[in-house]
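The values are calculated or read from the model by the stated rules, or taken from the named source; none is laboratory data. Quantities reported herein were computed from a predicted structural model and do not represent experimental measurements. Neighbour counts are summed over all protein chains in view; Cβ atoms, including those assigned to glycine, are modelled from backbone coordinates with ideal geometry.
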Amino acid sequence: MNNRLYVVLSLLVGLASIGMGVIAPASAADKLENIPLTWKPTTTMAERGPLDLKGIDGAKLQVDAFIDNREDKAYIGVNKAKIPNRKVTTQEDVARFVTYQMKTLMSAQGVPIVESGGTVVMKGWIKRYFVEEASRYNADVELELTFSDPATGKILWSFMTSGNSSRYGISYKADNYYEVLSDALISATHELLRNPKFRDVMMKK
């Protein structure tokens, strides 16, 4: 077979494949698998409403490392707008990331955060940290929290806080997943701090 005939046959096979709807598999660059965790909020705590945290400055909140109770700890999102659906995964520690970001958010609002020796100890369990993308990006964060007295070990309060975020964006883009997950965690943190019981527990009323 000469080179000219080989080229012609290759073109015919390629055209036939296109006509039959054969689509080349997505390249690694098209897949959001094992992506890093990145903090990229588009909103602030202040935008979600005022917080009354007066009187807690004498307390010290010790935040222990959260525990990730999700079944698949790498799975943080899915694109349902594409067939087949595409997963979004990470190899990083979601619990560590959420703990750090929530501590930072609370500290910025005036909550006295300490690494040890707290007057109140907060523990957390991650129940959901996920984005579902179809026509919009929709993120949900759910955290189960307990607050205890370190001297006695007595649980002072248990609270399930949650937050969500929804927005339009370019399909299957990492930045959009980062944005709604960040905003949803801000929402969950605000939901905790706005609850009057949080201030009562910090002041041990």
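Scanning segment 55-104 for residues that are farther than 28 Å from SER135 by Cα and among the hydroxyl-bearing types (Ser, Thr, Tyr) yields THR99, TYR100, THR104.
Restricting the search to segment 174-199, which residues are charged (D, E, K, R) and in contact (Cβ under 8 Å) with a residue 40 or more places away in the chain? Scanning segment 174-199 gives ASP175, GLU179, ASP183, ARG194, LYS197, ARG199. Test ASP175 against the criterion of being under 19 Å from the mean Cα position of the chain (by Cα), among the acidic types (Asp, Glu), surrounded by 17 or more Cβ atoms within 10 Å (Cβ to Cβ) and farther than 15 Å from PHE66 by Cβ, and give yes or no. The answer is no for ASP175. Selection within segment 165-187: residues that are among the hydrophobic types (A, V, I, L, M, F, W, C) and in contact with a helix residue (DSSP H, G or I) (Cβ under 7 Å, 6 or more places away or on another chain). The member of this set that is modelled with the lowest pLDDT is ILE170.
Within segment 53-74, if we keep just the residues that are of a type outside the set (D, E, K, R) and under 18 Å from the mean Cα position of the chain (by Cα), the residue that is nearest to LYS87 (Cα to Cα) turns out to be ALA74. Could you tell me whether any residue of segment 57-66 is farther than 19 Å from ILE155 by Cβ and at pLDDT 95 or above? No: zero hits. Is it true that GLU47 is exposed (fewer than 13 other Cβ atoms within 10 Å of the Cβ), among the charged types (D, E, K, R), within 18 Å of the chain's Cα centre (by Cα) and not in a strand (DSSP E or B)? So GLU47 does not fit the description; no. For segment 188-204, check the following and say yes or no: at least one residue is within 19 Å of LEU37 (Cα to Cα), part of a helix (DSSP H, G or I), of a type in the set (S, T, N, Q) and touching a helix residue (DSSP H, G or I) at 6+ places or on another chain (Cβ under 6 Å). Yes, segment 188-204 contains a residue that is within 19 Å of LEU37 (Cα to Cα), part of a helix (DSSP H, G or I), of a type in the set (S, T, N, Q) and touching a helix residue (DSSP H, G or I) at 6+ places or on another chain (Cβ under 6 Å). Only a single criterion out of (1) in contact (Cβ under 8 Å) with a residue 24 or more places away in the chain; (2) under 24 Å from SER148 (Cα atoms) is not satisfied by GLU92, namely (2). Among the residues of segment 74-98, the one identified as modelled with pLDDT under 95 and of a type in the set (S, T, N, Q) is ASN85. Of the residues making up segment 164-185, those that are among the hydrophobic types (A, V, I, L, M, F, W, C), in a helix (DSSP H, G or I) and farther than 16 Å from LEU145 by Cβ number 3.
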